[in-house]
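Have a look at the structure below, then the notes.
The values are calculated or read from the model by the stated rules, or taken from the named source; none is laboratory data. The structure presented is a predicted model; accordingly, all values stated were derived computationally and were not measured. When we count neighbours, we look across all protein chains shown, and the Cβ atoms used for this are built from the backbone with ideal geometry, even at glycine.
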2 protein chains.
Amino acid sequence: MVNESMLKLGTNRSCIRELFEYGLRQAAIVGKENVFDYSLGNPSIPAPPEVNETLVDIVRNTDSLAVHGYTPAPGLPAAREAIAAELSERYGVRIRGANIFLTCGAAPALIAVIRALNMGGSEIVAIAPFFPEYRPFAESNGAKLVVVPADVPSFQINWPELEARLNERTQAVIVNTPNNPSGVIYTRETLERLAALLEKKSAEVGHPIFLIADEPYRELAYDGAEVPFIPTVYPNTIVCYSYSKSLSLPGERIGYICVPDWVEDSATVFAAIAGAARASGHVCAPALQQRVVALCAHSRPNVRAYDENRALLYEQLSAFGYDCVKPNGAFYMFVKAPGGDSQAFSDRAKEKNLLIVPGGDFGVPEYFRICTCVSKDMILRSLPAFKALIEE
Amino acid sequence: MVNESMLKLGTNRSCIRELFEYGLRQAAIVGKENVFDYSLGNPSIPAPPEVNETLVDIVRNTDSLAVHGYTPAPGLPAAREAIAAELSERYGVRIRGANIFLTCGAAPALIAVIRALNMGGSEIVAIAPFFPEYRPFAESNGAKLVVVPADVPSFQINWPELEARLNERTQAVIVNTPNNPSGVIYTRETLERLAALLEKKSAEVGHPIFLIADEPYRELAYDGAEVPFIPTVYPNTIVCYSYSKSLSLPGERIGYICVPDWVEDSATVFAAIAGAARASGHVCAPALQQRVVALCAHSRPNVRAYDENRALLYEQLSAFGYDCVKPNGAFYMFVKAPGGDSQAFSDRAKEKNLLIVPGGDFGVPEYFRICTCVSKDMILRSLPAFKALIEE
């Protein structure tokens, strides 16, 4: 009576959501302060103050019909120009407003790009550890997700494994840097080597292999780490960006796709993405948030709290004997599960009301993920549980 | 290099958008006051004042993390409960919050329902005149759109033509009442006859044929016309609603799907819809607008201006000799093209800077659509052009 794969997608909850909801239930039983929830990547720092001030100012001082009216499908010209200007200025390149397509966040952006590139059963390559939703994004839209095993423990790229998976059916490789779940940023060296490999393979297979840069964490970098702008390293890069983390607006569904002019057949790729967005129900990105972005494209989050949490967790867990990947971006830390089975370890942790996400869905079952977008208080309260678990 | 059907969808602009953009270019040449643009169905009455007041109040007085944070995929419990309570109260039925799934407007709502019901090549039946986007919504997502010719000139339902198109591959019939483009509301009698036919056919084919009620114009009714709540007439009805017109928030992308408990296997249908939404990039509906809806679910637009425009246009065009369908809902009027070819007539009108939409894409090539969500001034200025065109 209904489509089985859609039913499965709607029924099989993500293990992250399951953990999160378990935490809510446990909190009602043992008290909120006794549950240590590291499951959900929900920003814990508020939107920069100018974002909310701008929002109120727009609603107060702009005609309601203009504020809330339909915008063109790719977005308000003012928002597209502001985003393009910010990128151009920051990276010393020429991005035009016409290269920007505003979306309801990164999820529909990625799906539009995948659908635009998928010729029917095309392969989209993801590099472990990877965001688990890439799988339904590709597979529910007729493409095939091919996973490259992780480069442990650096969590850069396992080159022979990647090369072995590139062939004439490969339409794109998705990279997510700063990375969810590892918190690692691909170095410039990694990206240059990736570019060289994709150039070589594109020539071999006779069509461009695109790079999809999934960049919701671009502004979340620590210790002065560089986050290279990938289109300057590999020309055939399509950027999917979200303001969910950079402006702490995850529920508002505002992001964009950038197809620079130097992408091969840029206008055709852009048009196919616009068509794919339409096929998935895109009309325009939320109009009020487009106006906010037009005025706040230069705003940056104050990431000090994430940085402090990261330092505290890395230091304490390492001292307890955990094998942690040192994160320099995003708001996650990836930790090797004592015993090597992160599912079993997560289950043990759950008994102590410590909620950590096993790495299986990210393609690395021996590691678990913890979110550092939590309160410092909760971290301090949770440390005895981490200590007990490794000593058991 | 890219998917051809997506490219086609992104390249073939809708004729409505083409006309609208032609109007903008002409305005720069002949002056804005000399272009009579009846092309776009963009609300011309502002959001009810309490909507913007509520919006500012939420941003000012609620914690930023809560306002802009992710919500559960089906929506904030408060928004789901408020919508359910409003429907229950108004129609004397029992709709629960759990029956409501908030979406980024009606377009992704319709696509989620179509994808949830499509078993691969399933048939979705639309009744002319119909909203042209139904075609890409169905066809880009693996279903087949089957069109029932219009019942001219009442624009209710042509029964033999509908019945002839219902078979074992039919998963749903979409109705849009009040209708875009005709402005006609299906009477209770029509809906009861439709329900009886679908009951009979469902029994014959051995599975439910769902009714998809696409209802963005539900609140726009005139002359005291009744807009029946279709789930009370036909149990297997799934409602797709949008606040675009009822709260004049078209750019904000906020709407919902309602799957009442009395739909067959309601929970399964709901789960499949949730999965299909996820497969199309749904994470949550814009969080701030969800909060607005939670507090303004009872707000109604002041439709007096639409009503006056409707009366004025109907009276004047009829006096000139046009054969108009008298609209009692939405903000459109459907008019028979003198000569019977609405494309040719629209082309002639364009020469007089009068922009009217030919009915071919709506499935009725002998009629054209005019939007009544325009200014009264523009209507008055445009009347000589309408008069001249029919006299030529």
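Per the listing B:A109, B:A98, B:A138, the residue uniquely at pLDDT 95 or above, in contact with a Cys (Cβ under 8 Å, 6 or more places away or on another chain) and not in a loop (DSSP other than H, G, I, E, B) is B:A109.
Step by step: first the residues of the range B:309-331, then only those that are assigned to a helix (DSSP H, G or I) and within 21 Å of the chain's Cα centre (by Cα), then the one that is farthest from the other protein chains (Cβ to nearest Cβ). Which residue is that? Checking each candidate, the answer is B:R310.
Filtering the range A:359-383 to residues that are in a helix (DSSP H, G or I) and surrounded by fewer than 16 Cβ atoms within 10 Å (Cβ to Cβ) leaves A:K376, A:D377, A:L380, A:R381. Considering only the range A:306-316, state which residues are surrounded by fewer than 20 Cβ atoms within 10 Å (Cβ to Cβ) and touching a residue at least 60 places away in the same chain (Cβ under 8 Å). Result: A:D307, A:E308, A:L312, A:Q316.
Among the residues of the range A:1-21, the one identified as within 28 Å of A:A344 (Cβ to Cβ), at the interface with chain B (Cβ under 8 Å from one of its Cβ atoms) and touching a residue at least 60 places away in the same chain (Cβ under 8 Å) is A:L9. Taken together, A:Q316, A:Q343 contain a single residue that is outside the structural domain of A:G75 (by TED's automatic domain parsing) and out of contact with any Gly (no Cβ under 9 Å at 6 or more places or on another chain), which is A:Q316. If you filter the range B:270-285 down to residues that are part of a loop (DSSP other than H, G, I, E, B) and facing chain A (nearest Cβ under 7 Å), you find that the one that is surrounded by the fewest Cβ atoms within 10 Å (Cβ to Cβ) is B:V283. Regarding the range B:290-298, can at least one residue be identified that is within 14 Å of another protein chain (Cβ to nearest Cβ) and in contact with a Cys (Cβ under 8 Å, 6 or more places away or on another chain)? Yes, because at least one residue in the range B:290-298 is within 14 Å of another protein chain (Cβ to nearest Cβ) and in contact with a Cys (Cβ under 8 Å, 6 or more places away or on another chain). Just checking, which of B:F210, B:F229 is away from chain A (no Cβ under 14 Å), touching a residue at least 60 places away in the same chain (Cβ under 8 Å) and farther than 15 Å from B:F331 by Cα? Matching residue, one of B:F210, B:F229: B:F229. Taking the conditions (1) modelled with pLDDT of 95 or more; (2) among the charged types (D, E, K, R); (3) within 19 Å of the chain's Cα centre (by Cα) in turn, A:K376 satisfies each one other than (3). For the range B:46-77, the set of residues classified as touching a residue at least 12 places away in the same chain (Cβ under 8 Å), of a type outside the set (G, A, S) and not in a helix (DSSP H, G or I) consists of B:P46, B:P48, B:T62, B:Y70, B:T71, B:P72, B:P74, B:L76, listed by residue number. Within the range A:96-130, restricting attention to residues that are more than 14 Å from chain B (Cβ to nearest Cβ) and more than 22 Å from the chain's Cα centre (by Cα), which residue is surrounded by the most Cβ atoms within 10 Å (Cβ to Cβ)? Ranking the candidates gives A:G97 first.
Scanning the range B:32-52 for residues that are surrounded by fewer than 16 Cβ atoms within 10 Å (Cβ to Cβ) and within 10 Å of another protein chain (Cβ to nearest Cβ) gives a single hit, B:P49.
Residues are listed down the side, and each one gets a yes or a no for (1) closer than 19 Å to A:C324 by Cα; (2) crowded, with 21+ Cβ neighbours inside 10 Å; (3) in the same structural domain as A:F331 (by TED's automatic domain parsing):
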| position | (1), (2), (3) |
| --- | --- |
| A:W159 | no, no, no |
| A:E163 | no, no, no |
| A:Q171 | no, yes, no |
| A:E192 | no, no, no |
| A:A213 | no, yes, no |
| A:A225 | yes, no, no |
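Only one of the numbered conditions (1) hydrophobic (A, V, I, L, M, F, W, C); (2) part of a helix (DSSP H, G or I); (3) in contact with a Ser or Thr (Cβ under 9 Å, 6 or more places away or on another chain) is violated by A:A150, and that is (2). Scanning the range A:221-269 for residues that are of a type in the set (A, V, I, L, M), touching a strand residue (DSSP E or B) at 6+ places or on another chain (Cβ under 8 Å) and in a loop (DSSP other than H, G, I, E, B) yields A:A225, A:V227, A:I254, A:V259, A:V263.
Evaluation of B:F334 against the conditions (1) buried (at least 24 other Cβ atoms within 10 Å of the Cβ); (2) closer than 20 Å to B:T103 by Cβ; (3) hydrophobic (A, V, I, L, M, F, W, C); (4) more than 14 Å from chain A (Cβ to nearest Cβ) shows that the sole unmet condition is (2). Of all residues in the range A:74-95, exactly one satisfies the criterion of being under 13 Å from A:T232 (Cα atoms), under 21 Å from the mean Cα position of the chain (by Cα) and of a type in the set (A, V, I, L, M, F, W, C), namely A:L87.
Here the condition is being without any contact (Cβ under 8 Å) to a residue 40 or more places away in the chain and either of a type in the set (G, A, S) or out of contact with any Lys or Arg (no Cβ under 9 Å at 6 or more places or on another chain) (or both); of A:G340, A:G359, A:G329, A:G363, it holds for A:G340 alone.
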